[in-house]
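Below is one structure, written out as structure tokens; comments come after it.
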Amino acid sequence: MRYAGKKILTMCVTLFAVTLFVFLAFHMISGDPVTSMLGTQATPERAEALREELGLNDPVLVQYGRWAAGFLKGDMGTSYSYRMPVSEMILDKLPVTITMTLMAFAWMILISIPVGLYAAKHEGGMTDRIITVVNQIIMAVPPFFAGILITFVFGMIFRLFTPGGYVSYQINIGKFVGYLFFPSLAIALPKAAMAVKLLRSSVISEMKLDYVRTAYSRGNSKRSVLYRHVLKNAMIPVITFLGMALSDMIAGSIIIEQVFGIPGLGRILLTSISNRDYPVVMAVIVCIAALVLVVNMVVDVIYGLVDPRISVE
């Protein structure tokens, strides 16, 4: 209970620091949301009236305090550009980004753990060398470039999906998940390659320790030693990496959404940054930061489940 309270307090302080930094940063860079809203109809009088209406003439800290007070009450404000509640925009786009991120995470686990264990079991063999070379190549490819390659190969050559043919989950959930298949793979591949390398090294290191020789001396088979003893200890550093990778996937999905034309949080974030739509930017940043912090807390809990010797305290 004490740990949960400390963790929640840390999350709240972190969110406060992140939102304050982003809010101040946006007011320091050039650009005016009023100009974006009025466009060609902007006149000095109308611009000044709109600034007054939106409270943009108030001191920055006053504006932040007003936004924070509203956010704590569940009010994310109204988008300057779309003229609709920000909460409605977030609730519409959040499932898209979360689904794609979870699919990418599932891809990473399904690829990395079997391949990493196989490479470790066949250390020094031809298969291990091939896996190592392929791993190095995949790790060198950024996710956005992997997305471009996947779009070209599987979308334009083999025509397994239609680039830009996104279907909303509100229309057809099957087609929605099907379209996210390749974008999630583009996100997962570089992370899976890193996880394979880490798991392979961790398993090989554990196999050389004394407790493994003791387990063999008691008549345990290699398979039994690997899965009952070695894997549990070898997974500790891998779990740390998986948590970091999932957090990175949440933020990294912004770029992949642009490559595949997916209307998730990334699209409205980039559009809102261009239009200086502060309420939307702040809400998206809070959602991403909160998801990352929750992932970190879950990783701490998993540590204790994998190895009871580790205390979350």
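Only the coordinates and a few stated rules stand behind these numbers; no lab work does. Since the structure is predicted, the reported quantities are computational estimates derived from the model, not experimental observations. Ideal geometry is used to build each Cβ from the backbone, glycine not excepted, and the neighbour counts take in all protein chains shown.
Other residues with beta-carbon under 13 Å from the beta-carbon of residue 275 carry, at +1 per Lys or Arg and -1 per Asp or Glu, a net charge of +1. Around residue 98, with a cut-off of 14 angstrom between Cβ atoms, what is the net charge of the other residues, counting Lys and Arg +1 and Asp and Glu -1? Neighbourhood net charge equals -1. Farthest toward the dipole's positive end in the chain, which of 217, 15, 114, given Cβ charges of +1 (Lys, Arg) and -1 (Asp, Glu) about the Cα centre? So the residue furthest toward the plus end is 217.
Cross-link reach is defined here as a Cα-Cα straight distance under 18 Å, omitting same-chain residues fewer than 8 places apart; for residue 232 the lysines meeting it are 121, 197, 208, 222. Of the DSSP H helices in the chain, those that are both long (alpha-carbon extent of 24 Å or more along the helix axis) and hydrophobic (Kyte-Doolittle mean at least 1.6) are 278-306. The order of the peptides 96-106, 11-21 by mean Cβ neighbours within 10 Å, most packed first, is 96-106, 11-21. Packing-based ranking of 196-205, 58-67, 81-90, 183-192 yields 183-192, 196-205, 81-90, 58-67, ordered from highest to lowest mean Cβ neighbour count within 10 Å.
Using only the alpha-carbon atoms of the chain as identical scatterers, what base-10 log of I(q)/I(0) does the Debye formula give at q = 0.07 Å⁻¹? The calculated log intensity ratios at q = 0.07 Å⁻¹ are -0.39. Multiplying the residue separation of residue 162 and residue 239 by 0.36 nm and subtracting their alpha-carbon distance yields 24.2 nm. The aspartates and glutamates whose alpha-carbon is closer than 15 Å to the alpha-carbon of residue 6, local same-chain residues fewer than 8 away aside, are 300, 313. Each peptide in 217-224, 157-164, 114-121 receives the mean, over its residues, of other Cβ atoms within 10 Å, and ordering these scores from highest gives 114-121, 157-164, 217-224. Multiplying the residue separation of residue 274 and residue 10 by 0.36 nm and subtracting their alpha-carbon distance yields 91.9 nm.
Dividing the summed -39500 (n - 2.57) terms of all DSSP H runs of n ≥ 4 by the residue count of the chain sets its mean residue ellipticity at 222 nm at -25000 deg cm²/dmol. Charges were assigned to the Cβ only: +1 to each Lys and Arg, -1 to each Asp and Glu. The resulting dipole of the chain about its Cα centre is roughly 1540 debye. With the convex hull drawn around the C-alpha atoms of the range 94-275, the volume per residue stands at 133 Å³. Nearest 0.05, what FRET efficiency do residue 27 and residue 170 give at R0 = 22 Å with Cβ-Cβ as r? Plugging the Cβ-Cβ distance into 1/(1 + (r/R0)^6) gives 0.05. Residue separation of residue 220 and residue 48 scaled by 0.36 nm, minus their Cα-Cα distance, works out to 54.0 nm of gained length.
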